[in-house]
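A.B. asks: The structure that follows is given in the form of structure tokens.
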Amino acid sequence: MSGRLVVGVDVGGTYTDLFLYDDATGRVRTAKVPSTRGQEAVGFTAGVGALANLGDISAIVHGTTVGTNALLERKGVRAGLITTQGFRDVLEMRRRDRRQTWGLTGAFIPAIERDLRLEVAERTLADGSVLIPVDPEEVRGAAQRLLAAGAEALAIVFLHSYANPANERVALAVAREMWPNGHVAISSDILPEIREFERTSTTALNAVLQPVVGSYLAAVDTRLRAGGFAGELLIVQSNGGVMSVATAEQLPIRTALSGPAAGVIAAAHIAIAAGYPDVITGDVGGTSFDVSLIAGGIPALAAQSTLDFGLVVRTPMIEITTIGAGGGSIARVDAAGLLQIGPQSAGALPGPACYGAGGDRPTVTDANVVLGRINAARPIGGALAALDVDAAARAIEAEVGRPLGLSVTAAAQAILRVANARMAGALRLVSIERGHDPKRFTLMPFGGGGALHAGALLREVGLARALIPRFPGVTSALGCVIADMRHDRVRTLNVPLEALEPSALRAEMDMAASVLGALLERAGMAFVATRVEHELDMSYVGQTHTVAVPLLLAPDGSGLLTRGDIFAAFESAYRSAYGRVLPDAPVRVLNLRTAVIGERPRIDLLSLAPPADARLDDAQRGTRPVWFADQMHAGIWDRLALPVGAIVAGPAVLEQPDATVLIEPGQQARVDRFGNLVLEEAATAAHVASTHR
Amino acid sequence: MDPVTLAVLKGRLEQIADEMDATLFRAAFNPTIAEAHDACHGIYDAATGATLVQGKYGLPIFVGVMAFATHAVIDKFPDAADGDIFIFNDPYVGGTHLSDLRLIRPVFRDGRVFCWLGSVGHWHDVGGAVPGNYNPAATEYFQEGVLIPPVRLYARGTLNRDVQDILLAASRLPDVAFGDLQAHLSALDLGVARMAAVLDDYGDNTVAEAFAELRARAAMQMRAEIAALPDGTWVQEDFLDNDGRTDTPLRIAVKVRKQDGRLTLDFSGSAPACEGPVNISRATTVASVYVALKHLFPEVAANSGVLDPVDVIVPADSLLDAHPPRPVGGYTETILRIIDVLFCAFAGMRPDRAYGNAYGTINALSIAGHRADGRRWVLFQFFGGGHGGNPEGDGLSHGNPPIATAIIPPVEVMEAAYPVRYTQWALRDGSGGAGRHRGGLGAIYEIELLNSAAEAFVFAERARFAPRGVLGGADGAMNVVRFEQDDGWHVPPLGSKIVGVRLRHGQRIRIESPGGGGWGDPQARDPQARDRDRRLGYAR
């Protein structure tokens, strides 16, 4: 085994994307194979096997949505819940919300049904004191009943266990003795944080996923080993770090946004290398537009995410904002005569009208096809031979053109304008709404369709430029190869700042760092460096929402902190969030958040660059009529054949197997030394060039 | 105006209101705003105060009343200047009740008011006889809290500290009030900055045109919905248990008439204004009509155009047309009943849109006492219940009321903040009305006092009249409120209203909230669904 090959694998709903990197030679290979739904391990192994000899691969890093899909389709297994007397319905009562503001429809089915939720007499109070100790025999009886009822995994959640896990630990010991498999977890291990619904939901969803993700990973591992693979299999977490298979089997909930998170990690790495550390990513998929913000090269993390109504997961995740406006989103004219795009989607089946599979509702993709922006003769992905332009035109004419009194072309333009406006709204949401000036930011579109909309989005939002990675369609697979190993931990402290003993905080920080460091060590990997980050959730006393206050410490997380330092850090974080601070109001520390990061060797992105002998002329593919404000002759180019330094002025279309890049009139794209495209207004580019001269 | 620019601007403007909502929720001090989202933001017409744009997350009932609130400021302050911020809680001109503080701020362009921004939120305490301001026994607003008429809090960007001092002095929890005030100001600052950016990007004329067009289109959409209703008249009535003073039911009657493409909602026959605090102002009545219509026709855009093709007749001096000093603290109960009768009336007109009644009471609970160190504590919470069965399926169990998008604070947060222990937090078996699609389940909440002593109040309804089923569906279970004393459990004499009961250490309050009404004939229920109900204990 040469031990230098690393393969990233992102299994999506339609395609499995692969990215191979040879650390010794810098060689790169990419591939896209159809996903084998329900038999993901089969397609996975076949795809990897086609890229390289399995015995030559030192690590396979996997982004998976198997867990998320199982949750959304309610295809998890039967899990049981043992909880505090009086509280078995917490999971089903949620936070007393409803699905939508207007209209009172929509019920809710919890991840663990009511007959598999049992209570035991036990109680801890908010201050951590135990009012009623748990009776091990009662726990044993409850667990037996759940087993008899067919539960395959067990979650134990007691009230206030974040303040004192003693009762949960007793219950865990009893349950472990008798439970036939390892799928038993307590909430204080999964999420030692105040708020019982969020903790119960996260622990319950984890239990439901354990057998699903566990058996999936076991199947993948078995197949790979049988094929001669002898390296490390690693899994990407929603926080953008990787973990070992053993950790993933214990904490499958951390894979909830695995694939999309890997895409953002890749974006951050590419952007830093290219010299643009402030980036907003825009992933145009079939049904959605996923956006995330990277400031200073660091992706924003969210503490919590809702997978679907009532399915709440509270674990640090790369913050990805999703709106229902993707290539397959359906355009329609509502009763008020307003053009609406999405959230309904044509999905993969029947898909957009141009797929010719029976779809007769016009989609964003249909508009791109009708306007000549997508090459109907060479669809990306390779599953279809050609696209049906006439079917797309008919659908647009019937559903948008006639109701609005517009020609087919004008209607298609209107669809794109409204779709772009919705996407722009999502970009503003993560930038302007969070206090970031879009002029400082670079848009990084990925997915097959992202680069079709980039030029328009630059103008709509006022972003500086777009950076289009060399392989936009396999960005998540690239991210798998790049991601560091990362583990997070939260601990509720809930003390006034004036009562916080810096030495006690230091002890908590060291404890968290050593627990997480041990996880890192157990994975048995070599790291370039190890980093420890600590953050406090703080607020004024009386507020229930907190601001995240990063603590400025040495890279290994060590260093002294005074209450004054913490207070100053809080005021600075608060002011940037709300534009004011409250004089004399006392301050409280709710949670300590710790992350330990094992940095993996960086891949050299220069290996993605076009060959040195590439010539501009060889990339020419003639012209094609494409509609912008008017119909124009756009230059058509083979994107991957463009040499470093090449400048292509709009209007132009750059084609490659996994994506299409559109350059609007007045904009231009330059190939940077990594093979990325830097897309900007021609006027801006000229100005930059002249000042540098 | 070209529909594409309009669609783009609509999204941009709604985002401003959404962002103001998010800022207030995150920065507020009291959990009723921060956790329960009892607040709202919007953009209002320069001349009339009519609602132009509304956020997605704000409390639905405020959507309707803020137009009246803005109008009140326009009326009183023709000399409004750039940098002014007005504040008030007068329910008779601005709707709802004294707990809801409204801040209104003009957006100036070229020396003239271009539009108004509003920020409203439910404050924790504004004085009055009862901590938390839900006083079931009030007979005049003076007992419900301190009334602030529209006044200038900021004049040309400078704080009028005297006004702020009066506001804070009125509250039992001045620190919380100050924190909430700062949060409102952050939201308004942000709204003004965002609005200026939109105006600079698109030009004032284009934005003004968009405002007019959005309203016209909502009206057009509403007309289309009304046109699809059959002509005719539908009559419904329901009752409030009592007014908190005298145990006599109070009628809420409505006659819905569809004729010549217009809808007339005539509330004649409703009870006269009452002594206790379930009166509402005319503004609040109109606002609750708006909320009901928006639930029935959710696709119609959220602005004042919704009401253009609708006439609302409110009988003078009824409990739906309160004047000072009639108490209005329990306004939520009355507007929920208005929505209930409207849902029942529409079930006859549009069976495909029929909802069984939701649980119909917010069960406002306050418990107040002093800690060992003498500091005052006020727990205030309102509770969930079942939604009605509907054409799509069973009603949601433990939902929030149709007038709010409020979420409930976690038990662990409440127990960490107040000296109480929740001994039960569960779905209430069998509380949903039977039906082809049954009502959602209400819930059981039982709370024990850990302090040596405290005083408890509950403001609730539906202890005498159940949430109703529609199209043959059965009614949901009624509200049951009980409290413990030295001699055992008691049911309050006024059904579910408790006025100042003293609790001692270890004594409990128990609320069993109503389920939703059923939809359609229970005999037609899918046998599998019926088996599941029995297996999981949802139905007995």
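Bear in mind that the values in this text are calculations on the coordinates, not laboratory data. Remember, it's a predicted structure, so these values are computed and weren't measured experimentally. Cβ coordinates were reconstructed from backbone atoms using ideal geometry, including for glycine residues, and neighbour counts include every protein chain displayed.
A.B. asks: Amide H neighbours of B:Leu503 under 5 Å, at least 5 residues apart or on other chains, H built in the peptide plane: list them.
C.D. replies: B:Ala454, B:Glu455, B:Ala456
A.B. asks: Which of the aspartates and glutamates could be linked to A:Lys32 by a straight reach, that is with a Cα gap under 12 Å, when you skip same-chain ones fewer than 8 residues away?
C.D. replies: A:Asp10, A:Asp17, A:Asp658
A.B. asks: How crowded by other chains is B:529-535, given as the mean number of beta carbons from other chains within 10 Å of each beta carbon?
C.D. replies: Numbers: counts 0, 0, 0, 3, 0, 0, 3.
Per residue, the number of nearby Cβ atoms from other chains is 1 on average.
A.B. asks: Report the gain in length on full extension from A:Asn494 to A:Glu521: 0.36 nm times residue separation, minus Cα-Cα distance, nm rounded to one decimal.
C.D. replies: Working: separation 27, 0.36 × 27 = 9.72 nm, distance 3.04 nm.
That pair, A:Asn494 and A:Glu521, stretches by 6.7 nm at full extension.
A.B. asks: Per-residue counts of other Cβ atoms within 10 Å, averaged by peptide: what ranking do you get for A:324-336, A:445-457, highest first?
C.D. replies: Numbers: A:324-336: 22.5, A:445-457: 27.2.
Per-residue mean Cβ counts within 10 Å order the peptides as A:445-457, A:324-336.
A.B. asks: Then there is this: As a test of the definition: which semi-axes, in Å, follow for region B:232-335 when you take the square root of five times each eigenvalue of its alpha carbon gyration tensor? Largest first, please. Before the final figure, lay out each step's value.
C.D. replies: On the way: eigenvalues 128, 44, 27 Å².
So the three semi-axes of region B:232-335 are 25, 15, 12 Å.
A.B. asks: Counting partner chain Cβ atoms within 10 Å of every residue's Cβ in B:25-37, what's the average?
C.D. replies: 4
A.B. asks: Follow-up. Could you pull out every one of the lysines with an alpha carbon less than 16 Å from that of B:Lys10, ignoring same-chain neighbours closer than 8 positions?
C.D. replies: B:Lys56
A.B. asks: Something else now. What is the spin-label model distance, in nm, from A:Ser58 to B:Asp311 if the labels are put 7 Å beyond Cα along the C-beta direction?
C.D. replies: Going from the A:Ser58 label point to the B:Asp311 one covers 8.3 nm.
A.B. asks: A further question on this structure: Hey, what do the phi angles of region A:621-627 turn into as Karplus ³J(HN,Hα) couplings, whole Hz, using 6.51/-1.76/1.60 and θ = phi - 60°, x for Gly and Pro?
C.D. replies: 10, x, 10, 8, x, 10, 7
A.B. asks: Taking amide hydrogens as modeled 1.01 Å from N in the peptide plane, which residues meet the under 5 Å criterion relative to B:Ile313, leaving out close sequence neighbours?
C.D. replies: Those lying under 5 Å, H to H, from B:Ile313 are B:Leu265, B:Asp266, B:Phe267.
A.B. asks: A follow-up question, please. Bin all alpha-carbon pair distances of region B:354-540 at 5 Å intervals from 0 and give each bin's fraction as a whole percent.
C.D. replies: With a bin width of 5 Å, the distribution comes to 2, 9, 17, 19, 17, 13, 10, 7, 4, 2, 1, 0, 0.
A.B. asks: If you don't mind, another one. Please list the helices of chain B that count as membrane-span-like by this rule: a mean Kyte-Doolittle hydropathy of at least -1.0 together with Cα atoms stretching 15 Å or more along the helix axis, each helix being a complete DSSP H run. Before the final figure, lay out the partial values.
C.D. replies: Values: long enough: B:3-27 (36 Å, 0.25); B:60-76 (26 Å, 1.25); B:174-202 (42 Å, 0.48); B:204-227 (34 Å, -0.07); B:282-296 (22 Å, 0.70); B:331-349 (27 Å, 1.28).
Once both thresholds are applied, what remains is B:3-27, B:60-76, B:174-202, B:204-227, B:282-296, B:331-349.
A.B. asks: Ok, one more. Grab the DSSP H runs of chain B that are 4 residues or longer, score each as -39,500 (n - 2.57), total them, divide by all residues and round the 222 nm result to the nearest 500 deg cm²/dmol.
C.D. replies: -10000 deg cm²/dmol
A.B. asks: Sorted by average packing, counted as other Cβ atoms within 10 angstrom per residue and highest first, what order do A:642-655, B:366-379, A:255-268 take? Numbers along the way, then the final one.
C.D. replies: Numbers: A:642-655: 19.5, B:366-379: 15.4, A:255-268: 29.0.
Descending packing order for the listed peptides: A:255-268, A:642-655, B:366-379.
A.B. asks: For chain A, what are Rg and Dmax over the alpha carbons, in angstrom?
C.D. replies: 26.3, 81
A.B. asks: Lys/Arg Cβ at +1, Asp/Glu Cβ at -1, dipole of region B:117-172 taken about the Cα centre: which of B:Tyr141, B:Trp123, B:Leu153 is farthest positive-ward?
C.D. replies: Most positive-ward Cα: B:Leu153.
A.B. asks: Could you check the spin-label model distance between B:Glu299 and B:Leu536? Points 7 Å from the Cα along Cα→Cβ, value in nm.
C.D. replies: Distance between label points: 3.0 nm.
A.B. asks: Something else about it: Contact order normalised by length for chain A, with contacts defined as Cα pairs under 8 Å and 6 or more residues apart; what percent is it?
C.D. replies: Values: 1586 pairs, mean separation 79.4, N = 693.
Relative contact order, chain A: 11 percent.
A.B. asks: What list do you get for B:Glu144, A:Glu680 if you sort them by fewest beta carbons within 10 Å? Could the numbers behind the result be given before it?
C.D. replies: Working: B:Glu144 27, A:Glu680 21.
Ranking B:Glu144, A:Glu680 by Cβ neighbours within 10 Å, fewest first, gives A:Glu680, B:Glu144.
A.B. asks: Arranged from highest to lowest average of other beta-carbon atoms within 10 Å per residue, in what order do the peptides A:105-114, A:286-295 appear? Write out the running numbers ahead of the final one.
C.D. replies: Values: A:105-114: 19.8, A:286-295: 23.5.
Order by mean packing, descending: A:286-295, A:105-114.
A.B. asks: What average count of beta carbons from other chains do you get within 10 Å of the Cβ of residues in B:424-432?
C.D. replies: Details: counts 4, 10, 8, 5, 1, 1, 0, 0, 0.
Taking all residues of B:424-432 together, the mean is 3.
A.B. asks: So for B:Trp519, A:Trp102, B:Trp123, B:Trp489, fewest C-beta neighbours within 10 Å to most, what's the order? Write down the numbers at each step before the final one.
C.D. replies: Working: B:Trp519 31, A:Trp102 20, B:Trp123 28, B:Trp489 11.
Ascending Cβ contact count within 10 Å gives the list B:Trp489, A:Trp102, B:Trp123, B:Trp519.
A.B. asks: Right, something else. Suppose only helical runs count, i.e. DSSP H with n ≥ 4. What mean residue ellipticity at 222 nm does that imply for chain A under -39500 (n - 2.57) per run, divided by all residues and rounded to the nearest 500 deg cm²/dmol?
C.D. replies: Helices in chain A give a 222 nm mean residue ellipticity of -9500 deg cm²/dmol.
A.B. asks: Is the shape of region A:464-572 rounded, prolate or oblate, going by the alpha carbon gyration tensor and its root eigenvalues a ≥ b ≥ c, with a/c under 1.5 for rounded and a/b larger than b/c for prolate? It would help to have the intermediate numbers written out before the result.
C.D. replies: Details: a/c = 2.57, a/b = 1.55, b/c = 1.66.
Oblate, since a/c reaches 1.5 and b/c is not below a/b.
A.B. asks: If you don't mind, another one. What lysines does B:Lys255 reach when the alpha-carbon gap must be under 23 Å and sequence neighbours fewer than 8 apart in one chain are set aside?
C.D. replies: Straight-line reach from B:Lys255, under 23 Å: B:Lys294.
A.B. asks: Given +1 on the Cβ of Lys and Arg, -1 on the Cβ of Asp and Glu, and no further charges, what dipole in debye does the protein assembly as shown carry about its Cα centre, rounded to the nearest 20? Don't jump to the answer; show the numbers that get you there.
C.D. replies: Working: 113 positive and 135 negative charges, 243 e Å.
In total the dipole reaches around 1160 debye.
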